[in-house]
Amino acid sequence: MKLNGKMKEDEFKYVVEDFADLQILRYRVHGFEQLSLRQKKLVFYLSQAALEGRDILFDQNGEYNLRIRKLFESIYLHYKGNRDTAEFQQIVIYLKRLWFSNGIYHHYSCDKFVPGFSENYLKSVLESLDVSLVVSGKEETLEKVCDELFPVIFNPDILPKRVNQVDGEDLIQTSAANYYKGLTQQEAVDFYDKKKKGNDPEPVMYGMNSRLVKKNGQIYEQIWRVGGMYSAAIEKIVGWLEKAIDVAENDGQCEIIRLLIDFYRTGNLHVFDEYSIAWLKDTSSHVDFVNGFIESYGDPLGMKASWESIVDFKDVEATRRTEVISANAQWFEDHSPVDKRFKKEQVKGVSAKVITAAMLGGDLYPSSAIGINLPNSNWIRSVHGSKSVTIGNLTEAYNRAARGNGFREEFVYSKVELDLLNRYADITDDLHTDLHECLGHGSGRLLPGVDPDALKSYGSAIEEARADLFGLYYLPDRKLIELGLLPDSDAYKAEYYAYMMNGLMTQLVRIEPGRTLEEAHMRNRQLIARWALKHGEQERVVEMVRCNDKTYVRINDYEALRKLFGKLLSEIQRIKSEGDYEAARMLIEQYAVQIDPILHAEVLERYRRLHLSPYKGFINPLYTPVYGENGEITDVQVSYTEGYAEQMLRYSRDFANL
Ligand code: ZN
């Protein structure tokens, strides 16, 4: 509803280009023109700050990344030979992938790229360039550059993985991420164990803003701050943040930015906590942003935080939707199929704010999350809460790009389901996400004395299943039509069909043959879909049918499927509330991990024939300030015409800080 009401069908091209396993999309910043001049300037300054840290992330993702990027950019810009050969095109693809992943490792699998060109060919291309283009001051000869970088690029045994998680190996020494140097995992763990004081109720996130190094027998941190490591980039970020203070929307926001600058100057983690608390409490500013060392997925030990940024402003209309849901949280809690003992007597819905992204940077660019829940500090979350947002215009771009690409036509059973999806899926998908975030995670309670970590490694898949099921159970409810969130009583079927098709089949396109499901969300989806398939078997609620040698999902009884979702929700809530580890393990291992290899092969083959890319990312809009006679900014204009390589090269040129 959000999309159809607000948008004209026009010429906006969401898909920019495809290469390797990637698709580049463009997102649209609805409502930017309607911002005040002051807000536009704020967005502009924060956007510049969002781009200044790009090189930091490249370096964090591997210590050779920046040098390799510069080398390939030189080739891209200056090679005068035949650019139409297959081998040269492989060089171009390598560079495009490197830009996408902010380094030479796949952004998702973390595996090092396998170049599609030979060492000899690369050497000959480099030799044809002016030597000053490929050799920086300290590396006097091309020979030396090749000796140092070629093994990193070509040898599959050298630094093969950005983040290694294989139990039993030294995760630091086997991971290429540039967060530790010259020490073992045990030494790093000991270093930080010593820092952690026994009973500190407000522990800072030790190590999150530094590289840990061992040199001459000494172990020390290189802090990422002004005057420390990455200083050149951080100074630029601070410069833009200072400008942003002058046009901030209110005193509270000024203070937030000031605290962030203070953190960047001192590296003091207590200041970062202060900043995080001030940031999460600010829900009134229209324009908002994240800028800093935030997520620790790139560190095998989960401590070091990669640099990222997003600039955004509130999507007022869509936020109203989540406010309606949240305001009715108690009704949903009271009417859920869960045992009374596991319900919250007083439940507070989370009013997830829907935002419009205006700029993505660092670890949110080009591949981005579509929702953010920060800060990550555990004690801050339990004492002060967190701020949760979903990014509406990125979801919109995903949906629009997927239209007409042949995917639904290939996998959906018949025209009936296809019509359902085309008619309702944009609305129901958003609504399911809202129910998941605003109600699902916050519903239910643990029985007294139950350890919140009792489900251990099965905990996160069970928790995601709980939130998904809460949303699935309520989608057909008349309440949603009464609240004006769904247009009619057929709409929910679109999400039911899409969910079952995804969980039973199509999400497998992201998994390589022979692998099992590991990621929590994927496990949760398969758990729900397979469980419902199995438990509705006798009544043939859902079936896998064969037609023209292809497998399809068919839903015969949508109302019965709702009952099954309700039943599983009640069981999953029991498992969570009682901390029933054994039941969690059984459910996950039985339904969520294994993949039928024959079906998997079929899905992959059908998907391959569509020539679609499983991973997507975004390029940013371009903001251009308009200057008045006295050099003051009188307007900021947004445009969407820049291409992928064009944008990457501009960033590499204008934000070359390291
Ligand atoms: Zn979730």
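Some observations on this one:
Conditions tested, residue by residue: (1) touching a helix residue (DSSP H, G or I) at 6+ places or on another chain (Cβ under 8 Å); (2) more than 30 Å from Val389 (Cα to Cα); (3) among the aliphatic types (A, V, I, L, M).
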{"position": "Lys181", "(1), (2), (3)": "no, yes, no"}
{"position": "Pro201", "(1), (2), (3)": "yes, no, no"}
{"position": "Gly207", "(1), (2), (3)": "yes, no, no"}
{"position": "Gln222", "(1), (2), (3)": "no, yes, no"}
{"position": "Tyr230", "(1), (2), (3)": "yes, no, no"}
{"position": "Ile237", "(1), (2), (3)": "yes, no, yes"}
{"position": "Ile261", "(1), (2), (3)": "yes, no, yes"}
{"position": "Glu274", "(1), (2), (3)": "yes, no, no"}
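- Segment 515-549, residues that are under 30 Å from Ser109 (Cα atoms), among the basic types (Lys, Arg) and part of a helix (DSSP H, G or I): Arg523, Arg525, Arg530
- Scanning segment 583-613 for residues that are assigned to a helix (DSSP H, G or I) and among the small types (Gly, Ala, Ser) turns up Ala583, Ala584, Ala592, Ala601.
Condition check ((1) modelled with pLDDT under 95; (2) hydrophobic (A, V, I, L, M, F, W, C); (3) within 16 Å of the ligand (Cβ to nearest atom)) across all residues:
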{"site": "Glu463", "(1), (2), (3)": "yes, no, yes"}
{"site": "Leu485", "(1), (2), (3)": "no, yes, no"}
{"site": "Tyr492", "(1), (2), (3)": "no, no, no"}
{"site": "Tyr496", "(1), (2), (3)": "no, no, no"}
{"site": "Asn502", "(1), (2), (3)": "no, no, yes"}
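- Glu537 meets all of the listed conditions (1) of a type outside the set (S, T, N, Q); (2) in contact with a Phe, Trp or Tyr (Cβ under 8 Å, 6 or more places away or on another chain); (3) away from the ligand (no atom under 16 Å from the Cβ); (4) at pLDDT 95 or above but one, namely (2).
- Qualifying positions in segment 614-649 - in a loop (DSSP other than H, G, I, E, B) and of a type in the set (D, E, K, R): Glu629, Glu632, Glu642
- Selected residue (only one of Ala592, Ala520 is within 24 Å of the chain's Cα centre (by Cα), buried (at least 18 other Cβ atoms within 10 Å of the Cβ), within 16 Å of the ligand (Cβ to nearest atom) and modelled with pLDDT under 95): Ala520
- Pairs, first farther than 15 Å from Thr390 by Cα in segment 426-455, second part of a loop (DSSP other than H, G, I, E, B) and within 12 Å of the ligand (Cβ to nearest atom), C-beta under 6 Å, six or more apart: Gly442/Val350
- If you go through segment 437-463 and keep only what is among the small types (Gly, Ala, Ser), assigned to a loop (DSSP other than H, G, I, E, B) and within 21 Å of Gln590 (Cα to Cα), you end up with just Ala454.
- Looking across segment 232-270, the residues that are in a helix (DSSP H, G or I) and either of a type in the set (Gly, Ala, Ser) or touching a strand residue (DSSP E or B) at 6+ places or on another chain (Cβ under 6 Å) (or both) come down to Ala232, Ala233, Gly239, Ala244, Gly252.
- Scanning segment 425-434 for residues that are more than 16 Å from the ligand (Cβ to nearest atom) and farther than 23 Å from Leu612 by Cα yields a count of 2.
- Test for Ala491: is it farther than 24 Å from Leu612 by Cβ, out of contact with any Asp or Glu (no Cβ under 9 Å at 6 or more places or on another chain), free of Cβ contacts under 8 Å to residues at least 60 places away in the same chain and surrounded by 21 or more Cβ atoms within 10 Å (Cβ to Cβ): no
- Output for segment 26-50, where each listed residue is touching a Gly at 6+ places or on another chain (Cβ under 7 Å) and surrounded by fewer than 24 Cβ atoms within 10 Å (Cβ to Cβ): none
- Those residues of segment 297-351 which are without any contact (Cβ under 8 Å) to a residue 12 or more places away in the chain, over 23 Å from the mean Cα position of the chain (by Cα) and assigned to a loop (DSSP other than H, G, I, E, B), in sequence order: Glu345
- The single condition among (1) modelled with pLDDT of 95 or more; (2) more than 16 Å from the ligand (Cβ to nearest atom); (3) within 25 Å of Asp315 (Cα to Cα) that Leu472 does not meet is (2).
- Positions within segment 388-444 being acidic (Asp, Glu), more than 20 Å from Ser368 (Cβ to Cβ) and touching a strand residue (DSSP E or B) at 6+ places or on another chain (Cβ under 9 Å), in sequence order: Glu410, Glu417
- Restricting attention to segment 616-636, the residues that are closer than 25 Å to Leu35 by Cα and either in contact with a Pro (Cβ under 8 Å, 6 or more places away or on another chain) or of a type in the set (Lys, Arg) (or both) add up to 5.
- Any hit, segment 181-188, residues being touching a Gly at 6+ places or on another chain (Cβ under 6 Å) and over 20 Å from Val92 (Cβ atoms): no
Yes or no, residue by residue, for (1) away from the ligand (no atom under 11 Å from the Cβ); (2) among the aromatic types (Phe, Trp, Tyr); (3) over 23 Å from Trp331 (Cβ atoms); (4) under 26 Å from the mean Cα position of the chain (by Cα):
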position: Glu410; (1), (2), (3), (4): yes, no, yes, no
position: Asp419; (1), (2), (3), (4): yes, no, yes, no
position: His436; (1), (2), (3), (4): no, no, no, yes
position: Arg445; (1), (2), (3), (4): yes, no, no, no
position: Asp451; (1), (2), (3), (4): yes, no, yes, no
position: Leu455; (1), (2), (3), (4): yes, no, yes, yes
position: Gly459; (1), (2), (3), (4): yes, no, yes, yes
position: Asp468; (1), (2), (3), (4): no, no, no, yes
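Residues are listed down the side, and each one gets a yes or a no for (1) within 16 Å of the ligand (Cβ to nearest atom); (2) assigned to a loop (DSSP other than H, G, I, E, B); (3) more than 16 Å from the chain's Cα centre (by Cα); (4) of a type in the set (Asp, Glu):
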site	(1), (2), (3), (4)
Pro366	no, yes, no, no
Ile380	no, no, yes, no
Thr395	yes, no, no, no
Val416	no, no, yes, no
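- Scanning segment 535-570 for residues that are without any contact (Cβ under 8 Å) to a residue 40 or more places away in the chain and surrounded by 19 or more Cβ atoms within 10 Å (Cβ to Cβ) returns Gly536, Val541, Leu564.
- Per the conditions (1) touching a residue at least 24 places away in the same chain (Cβ under 8 Å); (2) hydrophobic (A, V, I, L, M, F, W, C); (3) surrounded by fewer than 24 Cβ atoms within 10 Å (Cβ to Cβ), the sole criterion not satisfied by Ile481 is (1).
- Taking the criterion of being in contact with a strand residue (DSSP E or B) (Cβ under 8 Å, 6 or more places away or on another chain), modelled with pLDDT of 95 or more and buried (at least 19 other Cβ atoms within 10 Å of the Cβ), the only residue of segment 107-134 that qualifies is Lys112.
The values are calculated or read from the model by the stated rules, or taken from the named source; none is laboratory data. Bear in mind the structure is a predicted one, so any value in this text is a computation, not a measurement. Reconstructed Cβ throughout: ideal geometry from the backbone, glycine too, with neighbour counts over all protein chains shown.
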